[in-house]
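Bear in mind these aren't lab numbers, they're just calculated from the coordinates by the rules spelled out. Note that the structure is a prediction, hence the values are computed from the model and not measured. Cβ atoms come from the backbone with ideal geometry, glycine included; neighbour counts cover every protein chain shown.
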Amino acid sequence: MVMKSHKFSCTSHLIVLCCFLLQPLFVCSKNHGNAANDILDMINNNRTSQKLPKLSSSRGLGCLALQYAQECKGNCSSNNTIHCQLLEDDFTEVFSPNCGVELPTFGTISGLILGCHQKYLQPHEAFPNVLVQDQKSLSLLRNKTVTEAGVGIIGSHKHKGPYIWCVLFSNSPTKSTFVLEDLGEGVEQKRGCYSGASLPCSAGESNSGLVLNTLIHLLIIYSSSLFW
Ligand SMILES: *[C@@H]1O[C@H](CO)[C@@H](O)[C@H](O)[C@H]1NC(C)=O
Ligand SMILES: *[C@@H]1O[C@H](CO)[C@@H](O)[C@H](O)[C@H]1NC(C)=O
Ligand SMILES: *[C@@H]1O[C@H](CO)[C@@H](O)[C@H](O)[C@H]1NC(C)=O
Ligand SMILES: *[C@@H]1O[C@H](CO)[C@@H](O)[C@H](O)[C@H]1NC(C)=O
């Protein structure tokens with residue numbers, strides 16, 4: 001009897017220890033949501049506070065925003081300003097095929113916000129400090145006629161800054177524009193993250209967070225099968 005209870009308490013100690021050690025990883029993996037979706041939520045909260053309708057999340061526009069950010073990777077200055085003027089034709093000739101946007105469904109891009117920072121900023125910091133710093137960008141996101149938006153985020157170097165944020169707005173009818181081929185799947189993006197995608201992303205990087213998450217869950221299942 002004594003032996004048994006001793007064994008039990010030892011096991012539970014191990015579990016507590018195990019959970020304790022893994023806790024920071026869990027907290028981290030919780031933050032590996034899709035930062036681009038979070039930015040879009042903030043844009044919509046800002047609009048609804050002004051009694052404006054929410055913008056639809058367009059996965060196609062999100063991917064195009066990521067492409068735009070990627071093209072501007074080399075143009076973030078040390079004071080966190082960015083000047084990057086791309087050709088309008090790039091959208092239909094380069095970005096759309098890269099994303100798998102069906103060309104006949106390409107709508108009107110009515111606004112663009114581009115920003116950068118040497119360090120990765122969480123969405124709640126990036127929104128006021130990178131994306132909405134002046135009246136011009138605020139009136140873009142509060143424009144009454146805008147219907148949908150997409151957000152893209154990417155780091156210039158693997159797991160390193162500077163980071164580029166791009167928001168694209170459209171006033172075209174939602175659902176029928178910027179449609180991705182393969183029943184909305186489009187072309188898989190190797191780097192960065194964009195809104196409308198179901199994949200999580202961390203610091204605008206790849207899916208390492210997802211892999212880590214899966215490994216942790218497997219470890220938990222394995223260790224609990226040992227202990228219980
Ligand atoms: C930031 O740097 C760019 C290029 O290096 C320069 O043109 C610009 O004036 C600087 N802006 C500020 C606010 O210092
Ligand atoms: C990036 O910055 C350089 C140097 O300021 C400039 O010459 C170039 O046109 C910029 N690229 C784009 C796409 O705007
Ligand atoms: C809103 O966007 C439309 C279409 O892009 C533009 O014509 C209009 O001037 C904008 N309105 C404001 C208040 O910025
Ligand atoms: C909307 O964004 C602007 C600019 O960042 C900010 O000043 C304002 O407080 C925001 N409003 C809400 C309700 O988030």
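Listing for the model above:
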{"quantity": "Qualifying GluC sites (Glu not before Pro) in segment 96-169, DSSP loop, other Cβ atoms within 10 Å at most 16", "calculated": "E102"}
{"quantity": "Alpha carbon centroid spacing (whole Å) that separates segment 158-178 from segment 70-116", "calculated": "8"}
{"quantity": "Rounded to whole Hz, the Karplus (6.51, -1.76, 1.60) HN-Hα couplings of segment 161-167, x for glycine and proline", "calculated": "x, x, 9, 10, 10, 9, 10"}
{"quantity": "Gyration tensor (alpha-carbon) shape descriptor, segment 87-196, a/c threshold 1.5", "calculated": "oblate"}
{"quantity": "L103 paired with L199, simple spin-label distance in nm, labels 7 Å along Cα-to-beta-carbon", "calculated": "2.6"}
